[in-house]
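Encoded as structure tokens, the structure appears first; notes follow it.
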Amino acid sequence: MKKTYKLEGLDCANCAAKIERAVNGLDGVTAATVNFMTAKLVIEAEEEKMAAIAAVAEKIVKKIEPDVILKKA
Amino acid sequence: MKKRFWRILAGAAVFLAALLIHDRNNVWVQPIFFLISYLIIAGDVLIKAFRNILNGQIFDENFLMGIASLGAFCIRQYPEGVAVMLFYQVGELFQSYAVNKSRKSIADLMDIRPDYANVQRGAELVRMDPDEVKIGDLIVIKAGEKVPLDGTVQEGSSMIDTSALTGESLPREVEVGDDILSGCININGVLTVEVKKEFGESTVSKILDLVENASGKKSKSEQFITKFARYYTPIVVALAVMLAILPPLLIKGANFGSWIYRALSFLVVSCPCALVISIPLSFFGGIGGASRRGILVKGGNYLEALAQTEIVVFDKTGTLTKGIFNVQEIQPQGMAKEMLLELAAYAESYSNHPISSSLKRAYGKTIHNERITGVEEIPGQGVLATVDGKKIIAGNVKLMNEKQISYFSGELIGTVVHIAVDDRYAGYILIADEVKEDAAQAIQALKKNGIQKIIMLTGDSKNVGAKIAKELGIDEVYAELLPVDKVNKLEELFAKKSSKGKLAFVGDGINDAPVLARADIGIAMGGLGSDAAIEAADVVIMTDEPSKIATAIKISKKTLKIVYQNISMAISVKVIVLILSALGIATMWAAIFADVGVMILAVLNSFRALNMRNL
């Protein structure tokens, strides 16, 4: 399944790339992309792991860019 | 952002004051001023760097800038220390301003989202969110309002502006019975429209969705640059450490301070931001600029591929030709042209075949059914009918042969309807698909833009294909292809391009989805209102103009030129500064300006991608 999140306050392109790479490395994620210009994170993952992945993704975002807030889009 | 701006300005003022102070009696006054300005400017960066280290993020830019500036303080290069942070912050501010501006300009560009719909409820009009309107509801669109949902006009007529969807500035007329698409603007009349699609399925939602998600599919250059950035920073930092430690240990009499100074310059240029930011900014601009011209590109990767197109394959019908069959020639024998057309139209009037509708359209008058007595349709051949008591035979060569009527047997290109009246040959009517007005110009423009081969595929007969190809200047034609053959043919054509070159296929998006998918770039024409085309293609030309394909290629080339300029400028300036710093030729000031200056130049350059009007 596919889920889209908004990354509010994202204004560093390199951090966007870092977030994308970290989320892609999570177990159960088939594909994750961060669109820097629209400030959106799209995660494609196995349905049953989605909730857990979203929670970890939020932590990753906090870790890489503490000022960015992950929101449901 | 405003607060940050004022804080930096205040810090800069203190910094300026510090530079001007000369107190010979007290050597500590000036450094203290520098320290104050430093803390004002750099406070948040240092806090962030510290917090990120606790989070396990070591090599982030805050940390690097923090070390570079603190290091400068340690070796008593106070002005440099403050300047590193000052210009870093100015760069960051500029960057975030530029990103916001670009996000906003695209949002304005795509400002086609309707805010409300006037829904008819009995005698009243209720203003509703377009999302809540249901299929079958009647909505009223007043002059100046946006069409909120796709539907059919039930009442009224008006001129509508479709430019937001098509890039076409000429308004279009709509009347009762016409389909109308969301995202257009009603110019003068009042229209009552029956809603045919929910908001989420309406044209405006589809287009917005597409453009917004387009930059998610990343181009090769963007992938390259993020990968580059990933290794660039650690390598430069490692070099900086070696530069600080090794020479003083290995070279006799080397001065520790001067090598540390050089190492700190390295840290200043170790941020990859300039590179990383300008690439998505350029592609975003290019995709936005294209959509303003009525060309939807579904991803940065496709925008990039368009510039490398070597072969363009057209499916004839609906791309180069209108896909509407029209009477091209009337050649009577022993009667007036009008008479022959009238008889043919009457004879064929009961048929649903596209040929008969083109005859009726050419005739243009109402058909009086009482004049027709007895009709017999012979599938694959034609019609036998009695009109005004006369026995009419209208059909192809097979029918004429069967009825033993001698007919004109010269070469004719297109579909021919032969007509006999009371068993005597009365002439023929030639029906053919019409070539689009800008088709020849489109082919010319493609050739001018470096397309090496232009190929046409068609299900039509060989002579029709050859004639159109010759007329338009197409290099190769493959005719009499069934839909399945087209995919196979495309496979063969892949062999004709170089390994780096791309093959684009242009179709009408109606029944060529497999071919569109197989091509490197699938381009669908006339996407406006055709969901299938929007779905299947990588690039959608909203209007019916094939000349827009060359425009798309030009936009792609311009965007890529900007991207390559940015990449080469940023990398080369950084490398030169690194070398000069290592040799002790460039000062830390040079490094600071190289870093921030390059970023600002790259961002300004990428803004050019937004302007695609004159291509």
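Filtering segment B:124-132 for residues that are touching a residue at least 12 places away in the same chain (Cβ under 8 Å) and in a strand (DSSP E or B) leaves a non-empty set.
Would it be correct to say that B:Tyr97 is among the aromatic types (Phe, Trp, Tyr) and closer than 25 Å to B:Leu16 by Cβ?
Against the criterion (among the aromatic types (Phe, Trp, Tyr) and closer than 25 Å to B:Leu16 by Cβ), B:Tyr97 qualifies.
Filtering A:Val61, A:Val42, A:Val23, A:Val56 for residues that are β-branched (Val, Ile, Thr) and either in a strand (DSSP E or B) or within 9 Å of chain B (Cβ to nearest Cβ) (or both) leaves a single hit, A:Val42. Does B:Arg113 count as out of contact with any Phe, Trp or Tyr (no Cβ under 9 Å at 6 or more places or on another chain) and assigned to a helix (DSSP H, G or I)? It is false that B:Arg113 is out of contact with any Phe, Trp or Tyr (no Cβ under 9 Å at 6 or more places or on another chain) and assigned to a helix (DSSP H, G or I). Looking at segment B:185-233 only, could you name the residues that are more than 14 Å from chain A (Cβ to nearest Cβ), under 19 Å from the mean Cα position of the chain (by Cα) and either buried (at least 23 other Cβ atoms within 10 Å of the Cβ) or among the aromatic types (Phe, Trp, Tyr) (or both)? Within segment B:185-233, B:Thr203, B:Val204, B:Ile207 qualify.
If the condition is being in contact (Cβ under 8 Å) with a residue 60 or more places away in the chain, over 16 Å from B:Ser547 (Cβ atoms) and not basic (Lys, Arg), then segment B:457-488 contributes B:Leu457, B:Thr458, B:Gly459, B:Asp460, B:Gly465, B:Ile468. Output yes when any residue across segment B:359-369 is β-branched (Val, Ile, Thr) and in a helix (DSSP H, G or I), and no when none is. Among the residues of segment B:359-369, not one is β-branched (Val, Ile, Thr) and in a helix (DSSP H, G or I), which makes the answer no.
Residue count for segment B:370-388 under the criterion of being surrounded by fewer than 16 Cβ atoms within 10 Å (Cβ to Cβ), in contact (Cβ under 8 Å) with a residue 12 or more places away in the chain and in a loop (DSSP other than H, G, I, E, B): the result is 2.
For first residues located in segment B:41-61 and within 7 Å of chain A (Cβ to nearest Cβ), partners that are at pLDDT below 80 and lie 6+ apart or on another chain with Cβ distances below 8 Å form the pairs B:Arg51/A:Pro66; B:Asn55/A:Pro66. Considering each residue of segment B:94-103 in turn, at least one proves to be within 30 Å of B:Ile260 (Cα to Cα) and modelled with pLDDT of 85 or more. Taken over segment B:1-32, the criterion of being buried (at least 19 other Cβ atoms within 10 Å of the Cβ) and under 18 Å from B:Cys74 (Cβ atoms) is satisfied by B:Ala18 alone.
Scanning segment B:73-99 for residues that are among the hydroxyl-bearing types (Ser, Thr, Tyr) and within 14 Å of chain A (Cβ to nearest Cβ) yields B:Tyr88, B:Ser96, B:Tyr97. Of the residues B:Ser568, B:Ser606, B:Ser547, the single one that is among the polar types (S, T, N, Q) and crowded, with 23+ Cβ neighbours inside 10 Å is B:Ser606.
The strands (runs of 3 or more DSSP E) located wholly in segment B:432-533 include none with 3 or more residues which are within 23 Å of the chain's Cα centre (by Cα) and within 23 Å of B:Phe325 (Cβ to Cβ). Based on this model, can you work out whether B:Val119 counts as more than 14 Å from chain A (Cβ to nearest Cβ) and part of a strand (DSSP E or B)? Yes.
Among the residues making up segment B:149-176, a single one is touching a helix residue (DSSP H, G or I) at 6+ places or on another chain (Cβ under 7 Å) and surrounded by fewer than 21 Cβ atoms within 10 Å (Cβ to Cβ): B:Ser169. Looking only at segment B:325-355, residues that are touching a strand residue (DSSP E or B) at 6+ places or on another chain (Cβ under 8 Å), assigned to a helix (DSSP H, G or I) and either under 14 Å from B:Ile392 (Cα atoms) or not hydrophobic (A, V, I, L, M, F, W, C) (or both) come to 9 in all. Being outside the structural domain of B:Tyr478 (by TED's automatic domain parsing), without any contact (Cβ under 8 Å) to a residue 40 or more places away in the chain and over 20 Å from B:His353 (Cα atoms) is true for just one of B:Asn401, B:Asn396. Which residue is that? Testing whether each residue is outside the structural domain of B:Tyr478 (by TED's automatic domain parsing), without any contact (Cβ under 8 Å) to a residue 40 or more places away in the chain and over 20 Å from B:His353 (Cα atoms) leaves just B:Asn401. Taking the listed residues A:Glu8, A:Glu47, the one that is more than 8 Å from every other protein chain (Cβ to nearest Cβ), out of contact with any helix residue (DSSP H, G or I) (no Cβ under 6 Å at 6 or more places or on another chain) and closer than 20 Å to B:Cys273 by Cα is A:Glu8, with no other qualifying.
The values are calculated or read from the model by the stated rules, or taken from the named source; none is laboratory data. Note that the structure is a prediction, hence the values are computed from the model and not measured. Here Cβ is always computed from backbone atoms with ideal geometry, including for glycine, and neighbour counts include all displayed protein chains.
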